[in-house]
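A.B. asks: I am attaching a structure below and will ask some questions about it afterwards.
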Amino acid sequence: QRFRVARGERLSGASKTQQASAMLVVIALQKRLLSSIEAFARTLDVHRRSMLTTAKKAPEVSTRNLDLLYNTPDGDDERSELPEDEVEREEDAQMAAATAQSTADATALGPEFALLDEMARIARAARYDADPRVRHLLDWIRKNQCPDLGKEGAAWKPRRVLIFTEYADTKRYLQQLLADRIRTSDRAEDRIATFHGGIGEEKREAIKAAFN
């Protein structure tokens, strides 16, 4: 909130396009923070690097070209079938463009840099911690899927769970964390599969078959 206010004050006399780009950056960071610290931390790094390298007025970019800062691709977007690293690169490019658009006067960026450094420090410290939603998920898995979770060779019940994430960063974070928590259970390497739009038909069908 302090960061949003600082940007708003700095750009109070800027063009509407610059103000819109500035708020898109804030909205994108807020959405990623609500998804996971991991998603927030990586995108915050993209924004910080872009601010550090932008020291002059950038050409205006239409907010129509920054659509991935509003929403991730849905089923009607052709990008939903692309490999997730390609979509991620486009997201990063849009974040960099929005940052450049809203960083016209580098001499006035001191307060924002200080807040970015503070947010980055907090994010790094908490980046790999299990948040309350993850702890709740692990409790659910222990109750409904693997009662002896944490013990060597813990057996699994024939129950499945689907977890939906908006961002690939959050998906990778969950995959790594869950894999670590179940590593001593029976056939741990077969218990988690990840799925995204550009995964390919053969892999998609293999995951569906394994789930069923």
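The values are calculated or read from the model by the stated rules, or taken from the named source; none is laboratory data. What you see is a predicted model, and the numbers here were worked out from it, not measured in a lab. A quick note on method: Cβ atoms are made from the backbone with ideal geometry, for glycine too, and the neighbour counts reach across all protein chains shown. Each accessible area value is taken on the protein alone, full model and side chains, heavy atoms only, with ligands, DNA and RNA left out. Shrake-Rupley method; radii C 1.70, N 1.55, O 1.52, S 1.80 Å.
A.B. asks: Using the Cα gyration tensor of the range 99-212, with a ≥ b ≥ c the square roots of its eigenvalues, what is the shape: rounded (a/c below 1.5), prolate (a/b larger than b/c) or oblate (neither)?
C.D. replies: oblate
A.B. asks: Oh, and also: Under the Kirkwood approximation applied to all pairs of distinct alpha-carbon atoms, what is the hydrodynamic radius of the range 168-212 in Å?
C.D. replies: Values: mean 1/r = 0.0862 Å⁻¹.
After inverting the mean inverse Cα-Cα distance, the result is 11.6 Å.
A.B. asks: Shifting gears a bit: Helix 16-35 against the longest principal axis of the chain: what's the angle in degrees, Cα atoms only, rounded to the nearest 10?
C.D. replies: Around 20 degrees separate the two axes.
A.B. asks: Go through the range 85-91 residue by residue and turn each phi into a ³J(HN,Hα) via Karplus (6.51, -1.76, 1.60, θ = phi - 60°); whole Hz please, and just put x for glycine and proline.
C.D. replies: 5, 5, 5, 4, 4, 5, 4
A.B. asks: Next question. Of the accessible area of the chain, with the probe set at 1.4 angstrom, what percent is carbon plus sulfur? Working shown, then result.
C.D. replies: Values: 6530 of 12410 Å².
In the chain, the share of accessible area belonging to carbon and sulfur is 53 percent.
A.B. asks: Can you give the helix-only mean residue ellipticity at 222 nm for the chain, where every DSSP H stretch with n ≥ 4 adds -39500 (n - 2.57) and the sum goes over all residues, rounded to the nearest 500 deg cm²/dmol?
C.D. replies: Working: 8 runs with 119 residues, N = 212.
After summing the helix terms and dividing by residue count, I get -18500 deg cm²/dmol.
A.B. asks: Given K143/K203; K31/K157; K157/K203; K143/K171; K171/K203, which pairs have Cα atoms separated by over 27 Å?
C.D. replies: Flagged as over cut-off: K143/K203; K31/K157.
A.B. asks: So, one more: Grab the beta carbon distance between R142 and R89, set R0 = 41 Å, and tell me the FRET efficiency rounded to 0.05.
C.D. replies: Working: r = 37 Å, r/R0 = 0.91.
With R0 = 41 Å, the Cβ-Cβ based efficiency is 0.65.
A.B. asks: Using a 1.4 Å probe, what is the accessible area per residue for the range 106-205, in Å²?
C.D. replies: That works out to 65 Å² for each residue.
A.B. asks: For the chain, what is the Kirkwood hydrodynamic radius in Å, using each pair of distinct C-alpha atoms?
C.D. replies: The answer is 19.3 Å.
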